[in-house]
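Values in this text are rule-based calculations from the coordinates and carry no lab data. Note that the structure is a prediction, hence the values are computed from the model and not measured. All Cβ positions, glycine included, derive from the backbone under ideal geometry; neighbour counts span all protein chains shown.
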């Protein structure tokens, strides 16, 4: 048996996009302009606990704002504790992660105290996500479980197996269209960029101050390229490479998680226990053996879900995002060798934001929908087979590609709206890029590439393991970043900090 999500590239990050019909000068031009109703609205901030909350309205289709369709955007704001220098928008990544919840629940984790003092810190849910107009792909949590955890009955790699995967992929896309409606066609990242510029205008800022993490850097990079004259102070932490092809992004990420596993195995047993004896090669081979065993004979969890090779990989890479999570990886390896699945599904449910069978938000549904609109889709069997071979070559211990590609996006109800391409940000104010050398999710070379592409940027490097830099609270990184936001002083280009 094999999990249905084998047909979905769940850990693939976005390729950057450009869309010719949208123009950088978007905004109302005068009375009668269809955009005037959006740019003239006033935000009604209301108390929501310790913060203020509001909703904005944006065009469903930025190419055709005269149409009746609209999107609701949820914002949350913590006002500056001292004199405000303006607003600071923050996005935590994803796609599909709630920027509203990120700021509402953990504003002091998202930004440092100097930024809390000096800015109105604003989080928002992008279109398709959470409290904004949401994507929905199922009637119940059980329906989502069927897609994410249901098993293919046919013999792996048989024609019947491929047909079953295809049927479920098509069904899932159709369910998303049925439950979401016309919004599903317009949850692409470029539309979110235009939404963010609208929100910047509505809070009264002439330029955008923005801190983007992970996928949030893609939103930021596109904003810089689309609205260079409106760039204020922008920091992009753990960036996606805007100039890489979709497959290059996937390949680099597979390589990144492979290297993170090697780093873990190299240090395994030095200061704590290790689930595998022997040399580094023997330990890695043991992981490969677990993959193969679970693909052949999945383990049954207490709730009936099956731990196969797909969910095993999800659990494993979840721990590889941060070195602090490595003890969970050790515990999972020890348990799985004994036929125990508790820690594995603890990690899987953390990834899916699922608690006691209940999905806490629509992040995974939005993740799929946004990716399918932003990615170019490869359908050529020969190319897909070659790509699968390349993935296996760079990640022999963590990759199990089947050569089918992303069946869900191949059969999505709407074609991708965007085409990939590099960014330049001609004429934009200086931008700060943060990269971590051992980042498996957004490999360091993506930060280097983005720095090379942008006309006016500096690169700060954190030498160490894990995803992202600013959230590590390293003064070597955080102090120049905070100073840049507060004073505009540009950090030293090429600064390197040791974790």
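Remarks
- Three-way shape call for the stretch 290-338 based on the alpha-carbon gyration tensor, with the a/c threshold at 1.5: prolate
- Gain upon complete extension [residue 206, residue 159; 0.36 nm per residue less C-alpha separation]: 11.2 nm
- Overall form of the stretch 111-269 per C-alpha gyration tensor (a/c, 1.5; a/b vs b/c): oblate
- Separation of alpha-carbon centers, the stretch 38-54 and the stretch 246-305, rounded to whole Å: 46 Å
- Least to most buried among 179, 467, 201 (fewest other Cβ within 10 Å first): 179, 201, 467
- Think of it as helices only: each DSSP H run of n ≥ 4 in the chain is worth -39500 (n - 2.57), and spread over all residues that comes to -13000 deg cm²/dmol at 222 nm.
- Correct choice for Rg/Rh (Cα atoms, Kirkwood Rh) that was computed from the model, options (1) 1.04; (2) 0.96; (3) 1.00: (2)
- Computed label-point distance, nm, for sites residue 105 and residue 358 using a 7 Å Cα→Cβ extension: 1.3 nm
- Ranked list, fewest to most other Cβ atoms within 10 Å of each Cβ, for 108, 145: 108, 145
- Per residue Cα convex hull volume in Å³ - calculated over the stretch 246-359: 115 Å³
- Here the residues 436, 442, ranked from fewest to most Cβ neighbours within 10 Å of their Cβ, fall in the order 436, 442.
- Between residue 394 and residue 498, the modelled label-to-label distance comes to 3.0 nm, taking each label 7 Å out from Cα in the direction of the beta carbon.
- Three-way shape label, the stretch 283-442, alpha-carbon gyration tensor, a/c 1.5: prolate
- Of the beta bridges in the chain, as assigned by DSSP with both residues counted there, near 45 percent are antiparallel.
- Alpha-carbon centroids, the stretch 202-218 and the stretch 123-164: separation in whole Å: 30 Å
- Crossing angle, helix 342-352 versus the chain [Cα axis fit, 0-90 degrees, rounded to tens]: 30 degrees
- Separation between Cα centres of the stretch 390-426 and the stretch 319-361, rounded to whole Å: 25 Å
- Residue 166 versus residue 285: modelled label distance in nm, points set 7 Å from Cα along the beta carbon direction: 3.9 nm
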